[in-house]
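Okay, structure first, notes after.
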Amino acid sequence: MIRSLVLATGLAALSLPGHAASFLTLDGDAPLVIAHRGASAYLPEHTLGAYELAIRMGADIVEPDVQLTADGALVAMHDTSLARTTNVETLFAARNGGYDVSEFTLAEIKTLTVEPTGPAATSYPGFTPGTAAPFAVPTLREVLDFVNTHNAATGDKIGVYPESKTPNRSELSRKIVDEMDAAGFTGADQNSYIQTFSHDGALEIALYQAGLGMDVPVAALGAAVGEPGAFGVFDFTTSTISSLETLAGFAGGVGVTLSSPSLNADFIAAAHALGLEVHGWTFRPTSIEAARTQFGTYFALGMDAVFTDYPDLGVRVRNELTAPVPLPASLPLVLAGLGGLAILRRSRR
Ligand code: G3P
Ligand code: CA
């Protein structure tokens, strides 16, 4: 009942004047905003420019999906193919009928330019990238080094959230862990995670890390399914369901699609009871009003982190909830909360 009261009146109703809202996240802290492929609604995805803008917008974490090149380098790239996001087709002939990352060397990929897709553009008002090649395809190490350099210069604790993509997932996963190790992203206190859609692959990452003495939380991706007492995450790679109890044996969190059939307060509470964070993807609100609805709904449910192409909007909504509520502005919210409590008390009689 208390949970439904929270949902009915909104998080701010829990705030007393001068106090910020409390959250139903696993640790009680404000939810984290993950820049999905960087600030990918604004600049070419998976580029240092998009990551830099995301950090400037206040994102807590930047997300590089990761693919393996023909010569075994790790690059930030969502697709198996280079064709959708780069100018590869203007510079190279197709190989084996296509433009797979795995068919090109890192030196070749470094000659490409990442082009904007969707609502993104080649520039953002008032933003001048600080890196030499902001729209080249970066290696994972370049992304990690960029974040480390930013953190060292500012005292920020921006995290990274690499995803091990297919094909070659096992080799790729080990190399991602090795790169995280080499760059100093080794622990559970760095706002950082490693993710993959394969739940067997997630276990493999956890075991490989353990062998290196690392403890970066692993997030198993999929869809939230089931019901109270029998919640799980659907593994799209095997069409099987892993129970939350199984995932809690090795993972630090689950990353679930917003179209999950069972992504609700009970699912999140059940995950939290097992020590699992719940991260949701992918938030794409195109206005602050839509952002308040979309992020606000899942923040109220206790979601721990949100993947979004619009990190500025995620940060803005989160900050609106964390800012102390001034007395005059808070009065209606306090009264709404008191009204809810009165209804609650009546319903218990
Ligand atoms: O990793 C979470 C989310 O990014 C999964 O979707 O396809 O954008 O990698 P995708
Ligand atoms: Ca991803």
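General remarks:
- Within the range 32-67, being in contact with a Lys or Arg (Cβ under 6 Å, 6 or more places away or on another chain), assigned to a loop (DSSP other than H, G, I, E, B) and open to solvent by less than 10 Å² (accessible area, probe 1.4 Å) holds for one residue alone: His46.
- Those strands (runs of 3 or more DSSP E) lying entirely in the range 208-253 with at least 3 residues within 16 Å of ligand 1 (Cβ to nearest atom) and open to solvent by less than 10 Å² (accessible area, probe 1.4 Å): 218-227
- Among the conditions (1) within 14 Å of Gly49 (Cα to Cα); (2) open to solvent by less than 50 Å² (accessible area, probe 1.4 Å); (3) more than 21 Å from the chain's Cα centre (by Cα), Thr113 misses just one, which is (2).
- Candidate set: the range 275-293, residues that are surrounded by fewer than 17 Cβ atoms within 10 Å (Cβ to Cβ) and free of Cβ contacts under 8 Å to residues at least 40 places away in the same chain; chosen: the one farthest from Ala120 (Cα to Cα): Thr293
- Look at the range 160-175: where a residue is under 17 Å from Asp71 (Cβ atoms) and a partner is open to solvent by less than 60 Å² (accessible area, probe 1.4 Å) and within 13 Å of ligand 2 (Cβ to nearest atom), sitting 6+ places away or on another chain with Cβ atoms under 6 Å, you get Leu172/Ser164.
- Matching entry among Ala70, Ala121, Ala132, Ala93 (being away from ligand 2 (no atom under 16 Å from the Cβ), in contact with a helix residue (DSSP H, G or I) (Cβ under 8 Å, 6 or more places away or on another chain), of a type outside the set (Asp, Glu) and part of a loop (DSSP other than H, G, I, E, B)): Ala70
- One residue from Arg95, Arg56 being away from ligand 1 (no atom under 16 Å from the Cβ) and under 30 Å from Gly302 (Cα atoms): Arg56
Condition check ((1) modelled with pLDDT under 95; (2) among the charged types (D, E, K, R); (3) in contact with a Cys (Cβ under 9 Å, 6 or more places away or on another chain)) across all residues:
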residue	(1), (2), (3)
Thr9	yes, no, no
Gly18	yes, no, no
Val33	no, no, no
Thr47	no, no, no
Glu52	no, yes, no
Ala59	no, no, no
Thr69	no, no, no
Ala73	no, no, no
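- Pairs linking a residue in the range 219-240 that is within 11 Å of Ala271 (Cβ to Cβ) to a residue that is aromatic (Phe, Trp, Tyr), with Cβ atoms under 6 Å and 6 or more positions apart or on different chains, are Ala224/Phe267; Phe231/Phe267.
- Flag if Ser173 is in a helix (DSSP H, G or I), in contact with a strand residue (DSSP E or B) (Cβ under 9 Å, 6 or more places away or on another chain), open to solvent by less than 60 Å² (accessible area, probe 1.4 Å) and within 16 Å of ligand 1 (Cβ to nearest atom): yes
- Scan of the range 147-169 for residues that are of a type in the set (Val, Ile, Thr), open to solvent by 70 Å² or more (accessible area, probe 1.4 Å) and either within 16 Å of ligand 2 (Cβ to nearest atom) or within 16 Å of Ala183 (Cβ to Cβ) (or both), ordered by number: Thr149
- Meets criteria (within 16 Å of ligand 1 (Cβ to nearest atom), touching a residue at least 60 places away in the same chain (Cβ under 8 Å) and not aromatic (Phe, Trp, Tyr)) for Asp65: yes
- If you go through the range 181-203 and pick out every residue that is more than 16 Å from ligand 1 (Cβ to nearest atom) and either part of a loop (DSSP other than H, G, I, E, B) or surrounded by 22 or more Cβ atoms within 10 Å (Cβ to Cβ) (or both), you end up with 7.
The values are calculated or read from the model by the stated rules, or taken from the named source; none is laboratory data. For clarity, every value in this text was computed on a predicted model and none was experimentally measured. We place every Cβ from the backbone using ideal geometry, glycine too, and count neighbours over all the protein chains shown. Ligands, DNA and RNA are stripped out before the accessible areas are found, and what is left, the full protein with its side chains, is counted by its heavy atoms. Shrake-Rupley method; radii C 1.70, N 1.55, O 1.52, S 1.80 Å.
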